[in-house]
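Here's the structure we're looking at; comments come further down.
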Ligand code: FES
């Protein structure tokens, strides 16, 4: 018959569980943050940062005229490297509707999950009729996002 666990056994299990969880957290904290390069500037951002806000927070006046709702396409970027192979349904729908699929990505629909280099297309400096770039997008992707492999949409 197998002996039942004693209190010291259970304390030992709990102790090792706590130590393991702390060690995993330590390893997680040591992971390098994703790097974003825009117009010759590079900065690190947490993986849940919206690309459009990261670009703006690097001092680049990228458009976001709809406030990050995947409606205006003024947050469009060209990827030099690190283009995500996923996209939201809202991004796919808007880029398709405007005939922009395959040329640009919408930075309001992308998170800084890995190293990327992008070029913003529409900025306060190159749009003559803008007095501002638009309302700041929320911290989380809107509309409520679910990412799909680009191949889901037949996009490459
Ligand atoms: S589509 Fe309007 S801010 Fe991205």
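Computed from Cα positions, the angle between helix 7-30 and the longest principal axis of the chain comes to roughly 20 degrees.
Quote the convex hull volume per residue of the chain, based on C-alpha atoms, as a whole number of Å³. That works out to 164 Å³ per residue. For the pair residue 4 and residue 114, what calculated FRET efficiency results from E = 1/(1 + (r/R0)^6), where r is the Cβ-Cβ distance and R0 = 35 Å, to the nearest 0.05? So the FRET efficiency works out to roughly 0.10. Model label sites at residue 132 and residue 28, defined 7 Å from Cα along the beta-carbon direction, differ in position by 3.7 nm. Highest GNM mean-square fluctuation among 98, 136, 50, for the chain modelled with Cα contacts below 10 Å: 98.
Dividing the Cα radius of gyration of the range 1-85 by 2.2 N^0.38 Å, with N the residue count, gives 1.93.
To the nearest 500 deg cm²/dmol, what mean residue ellipticity at 222 nm is calculated for the chain from DSSP H runs of n ≥ 4 alone, each contributing -39,500 (n - 2.57), summed and divided by the residues? Working shown, then result.
Details: 3 runs with 40 residues, N = 156.
It comes out at -8000 deg cm²/dmol, rounded to the nearest 500.
Model label sites at residue 144 and residue 85, defined 7 Å from Cα along the beta-carbon direction, differ in position by 2.8 nm. In the range 35-153, Cα pairs under 8 Å separated by at least six residues give a relative contact order of 39 percent.
Quick note: the coordinates plus some simple rules give every number you see, no bench work behind them. For clarity, every value in this text was computed on a predicted model and none was experimentally measured. Every residue, glycine among them, receives a Cβ derived from its backbone with ideal geometry; neighbour counts consider all protein chains shown.
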